[in-house]
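To keep things clear, I will list the structure first and then write my remarks on it.
Only the coordinates and a few stated rules stand behind these numbers; no lab work does. Values in this document were obtained by computation on a predicted structure and should not be read as measured data. Cβ placement follows ideal geometry from the backbone for every residue including glycine, while neighbour counts extend to all protein chains displayed.
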Amino acid sequence: MPPKPLAPLAKKLMKGVLAVELLGVFGAYALFHGLNNSQDFRNTMNRRFPAILEVYYRSNEWAGIYGVREQDREVWASRQD
């Protein structure tokens, strides 16, 4: 009995990899959109996942957008008083 070709399995695997990649891209965009539009969401991320928020701040600074980090810290400090 001849062995089965691996082409159908390879196609299924590639479709799965492509689906996971697309989910990752859309998830990263949704996270960036949430961080970019909501200071409350940034505050939540600061408490739960500060490393992700640091990446957001640095990417903004690399893009030439400065002052977001400072504005957030000022607002959060005034809320705690």
Self-check item: Simple label model, 7 Å out from Cα along Cβ direction - Trp62 to Leu6, nm
Solution: 3.6 nm
Exercise. Just round it to a whole percent: the fraction of Cα-Cα distances in the stretch 39-81 exceeding 12 Å.
Key: 61 percent
Practice problem: Per DSSP H run of n ≥ 4, the term is -39500 (n - 2.57); total these for the chain, divide by its residue number, and report the mean residue ellipticity at 222 nm rounded to 500 deg cm²/dmol. | Solution: -27500 deg cm²/dmol
Quiz item: What is the order of Tyr57, Tyr66, fewest Cβ neighbours within 10 Å to most?
Solution: Tyr66, Tyr57
Practice problem: Return an integer: the convex hull volume of the alpha-carbon atoms of the chain, in Å³ per residue. | Solution: 114 Å³
Practice problem: Could you state the angle between the C-alpha long axis of helix 7-37 and the longest principal axis of the C-alpha atoms of the chain, as a value from 0 to 90 degrees rounded to the nearest 10? | Solution: 10 degrees
Self-check item: Dipole magnitude (debye, nearest 20) for the chain, charges at Cβ of Lys, Arg, Asp, Glu
Solution: 660 debye
